[in-house]
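Structure first, commentary second.
The values are calculated or read from the model by the stated rules, or taken from the named source; none is laboratory data. Source: prediction; values computed, not measured. Heads up, the Cβs are rebuilt from the backbone with ideal geometry, glycines too, and the neighbour counts pull from every protein chain shown.
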Amino acid sequence: MSVDKFRYKDNSRVSKANDEQVERFLTTELASEFLGRTLDDIAASDSVFVFPPRLDDSSDLDKDQLVLASCHDGIQTGNVMGFIGKGNDELTICSRFSTEEHDYFLNHMLRRVFVPNVVDYRVSFETEEGYFELLPLLFPTYLVRAFRKGILRTYVRRAHDDSHLRGTIDVERHISHNTPFRGNVAYSTREYDDDNVITELVRHTIEYLEANPCGIGSLLSQDREMRDAVSAIRLATPRYSRGDRCRVIAVNQKHPVRHHYYSEYLDLQKLCLAILTHRKISFRGDAEKAHGILFDGAWLWEEYVYTLLRDYAGDAFFHPRNKSREGKQHLFRDQDRVQGLIYPDFISRCQSPRVIADAKYKPRGNIYGSDYLQILAYMFRFDSQAGLFLYPRDKADDIDSVLYVMRGAKIPGEAMGDTEEPRDEKHAPKVKKIGLTIPQERFSSYSEYSEQMGKIEKSFADEVNKYMESKRVWATSLGKTSNSKCFPAGSDGLGDA
């Protein structure tokens, strides 16, 4: 049976008049499955992976946004990219910077965020097989998130046959094993144990990835938190046996994690099953269920920008959310406690000048309104005179705009009612939009594209550094550097802020 494949770009409206496939797509089971459903609803599915695993991890992500919306003349895609499918219908949502042949930009972002050090792992993210080959690379993130809740403990029924009776006698097994009687008794106990089918499943996944010839196992030792999680799982599973893998998989498929406190382990359980069964929930694996893997574009762009600032800008910025609420920030304090949890994307490690940067997966013209209010609130909160919007653009000649904060007010009836005016540009708080130019020309291979992107990324980071240096010179001219502090990488320099 033939497979119907549909391909659209993120943040795009496709009308029936401009694309004859839209009419056919709207009649598919895939369209009826996903049209009008929120990302939060889709994330609850047991066969669709959404990244980040918890939508609350992305402050720019609206959990109620629609992945696909129906409009009067066609469909509208959102800020999500990836693959979804059902039966014989497949839908690819690629980046808006893709060409008809390739989506090199999405490929490039995924490689930089997920596979920076696994040079031997070859994946093409332009096919459904390529996306599901990406699943092992998501495992470290899922494991660390779950491990922060501690090792999952559950009640386990253990079978014993010894002289230390301390449970329920298993009469049938006792007669079978202990006739004639020699002093042992067959019995079982119900124990609250770390070594259970969930932790065993995670252990099997760890050992499977460690044995991968492409070097994926190196991801399991990339940082201390990851190493601690792997070590804790191994210590918690002394009964591990490679020969039990099929049994452990079968039990986990029938018994998903149900405790709400351990919801992160449910995500990890689903991922481990996907990896160990070599993704049996493929697009055509079950005609009755929808399957796929989706990435929040705002989250992916932010993490991608962080890799650029880390690698090309001397790690000049602290990325609070990158440490999953470690060093979390608040807007207010009342008499008893801090309030108003906020998620600035990047905070410069230098206090003077303090620069706040916000990554936006939007065209320059779409950065306005609440985006402005958000960054101004962050600048005010951190005593910053300098803000940055970091966004992707498709034209190299798109001018980076600089926004100066106004002063005064137009209030009818007041004598000074027409005093709204720009501040002194030299000393005014300002916000600059710096774009990363995404090349649109055709490339003969991904390696050629990657080489070109390396040059563009370096130029982008240089623009960020130049802006920070200009603010540093400005702070020096005002004599504000006497208490200036710059903190090394690994230190946020924010104290108890």
Study note, to complete from the structure: LEU276 passes all but one of the listed conditions (1) modelled with pLDDT of 90 or more; (2) under 28 Å from ARG203 (Cβ atoms); (3) in contact with a Lys or Arg (Cβ under 6 Å, 6 or more places away or on another chain); the exception is number (3)
Exercise for review: Check whether at least one residue in segment 395-415 is surrounded by fewer than 12 Cβ atoms within 10 Å (Cβ to Cβ) and closer than 25 Å to PHE317 by Cα, and report yes or no.
Suggested key: yes
Check your understanding: Of all the residues that make up segment 8-32, how many are within 17 Å of MET81 (Cα to Cα) and surrounded by 15 or more Cβ atoms within 10 Å (Cβ to Cβ)?
Key -> 7
Practice item. Scan (1) in contact with a helix residue (DSSP H, G or I) (Cβ under 9 Å, 6 or more places away or on another chain); (2) under 27 Å from ASN11 (Cβ atoms) for the single condition ILE347 breaks and write down its number. Key: (2)
Revision key, fill the gap. Over segment 29-44, the set of residues under 11 Å from ALA290 (Cβ atoms) and either in contact with a Cys (Cβ under 6 Å, 6 or more places away or on another chain) or not in a helix (DSSP H, G or I) (or both) is ARG37
Practice item. Scan segment 139-198 for residues that are more than 38 Å from the chain's Cα centre (by Cα), surrounded by 15 or more Cβ atoms within 10 Å (Cβ to Cβ) and not in a strand (DSSP E or B) and report the count. Key: 5
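Based on what the data block shows, is TYR449 within 26 Å of the chain's Cα centre (by Cα), at pLDDT 85 or above and either loosely packed, with under 13 Cβ neighbours inside 10 Å or assigned to a loop (DSSP other than H, G, I, E, B) (or both)?
When the stated conditions are applied, TYR449 does not pass them.
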Point to revise | Candidates THR154, THR179, THR141, THR199, filtered to the one that is in contact with a His (Cβ under 9 Å, 6 or more places away or on another chain) and either outside the structural domain of ILE249 (by TED's automatic domain parsing) or not small (Gly, Ala, Ser) (or both) | key: THR154
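Under the condition of being part of a loop (DSSP other than H, G, I, E, B) and modelled with pLDDT of 80 or more, which residue from segment 57-76 is farthest from ILE342 (Cα to Cα)?
Result: ASP73.
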**Study point:** Matching residues in segment 209-236 - criterion: being touching a Lys or Arg at 6+ places or on another chain (Cβ under 8 Å), over 21 Å from ARG258 (Cβ atoms) and of a type outside the set (Gly, Ala, Ser)
**Key:** CYS214, LEU220, ARG234
Exercise for review: Within segment 428-442, work out how many residues are of a type in the set (Val, Ile, Thr) and assigned to a loop (DSSP other than H, G, I, E, B).
Suggested key: 1
Revision key, fill the gap. If we keep only residues of segment 47-56 that are of a type outside the set (Lys, Arg) and either assigned to a loop (DSSP other than H, G, I, E, B) or modelled with pLDDT under 65 (or both), then the residue nearest to the chain's Cα centre (by Cα) is PRO52
Point to revise | The lone exception for VAL338 - which of (1) out of contact with any Gly (no Cβ under 6 Å at 6 or more places or on another chain); (2) surrounded by 23 or more Cβ atoms within 10 Å (Cβ to Cβ) it fails | key: (2)
Check your understanding: Exactly one of (1) touching a His at 6+ places or on another chain (Cβ under 9 Å); (2) buried (at least 19 other Cβ atoms within 10 Å of the Cβ); (3) not in a loop (DSSP other than H, G, I, E, B) is unmet by ILE206. Its number?
Key -> (1)
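Considering only residues that are among the polar types (S, T, N, Q) and more than 22 Å from the chain's Cα centre (by Cα), which ones fall in segment 359-402?
Of the residues in segment 359-402, the ones among the polar types (S, T, N, Q) are 366, 370, 374, 384-385, 401.
Scanning segment 359-402 gives ASN366, SER370, SER384, GLN385, SER401.
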Review point. Surrounded by fewer than 17 Cβ atoms within 10 Å (Cβ to Cβ) and in contact with a Phe, Trp or Tyr (Cβ under 9 Å, 6 or more places away or on another chain): does that describe VAL355?
Key: no
Review point. Within the bounds of segment 303-313, is there any residue that is at pLDDT 85 or above, in contact with a helix residue (DSSP H, G or I) (Cβ under 6 Å, 6 or more places away or on another chain) and not in a helix (DSSP H, G or I)?
Key: no
Review point. Looking at segment 329-363, which of its residues are touching a residue at least 12 places away in the same chain (Cβ under 8 Å), in a strand (DSSP E or B) and among the aromatic types (Phe, Trp, Tyr)?
Key: PHE346
Review point. Among (1) at pLDDT 80 or above; (2) within 30 Å of ASP10 (Cα to Cα); (3) of a type outside the set (Gly, Ala, Ser); (4) crowded, with 19+ Cβ neighbours inside 10 Å, which single condition is LEU135 missing?
Key: (4)
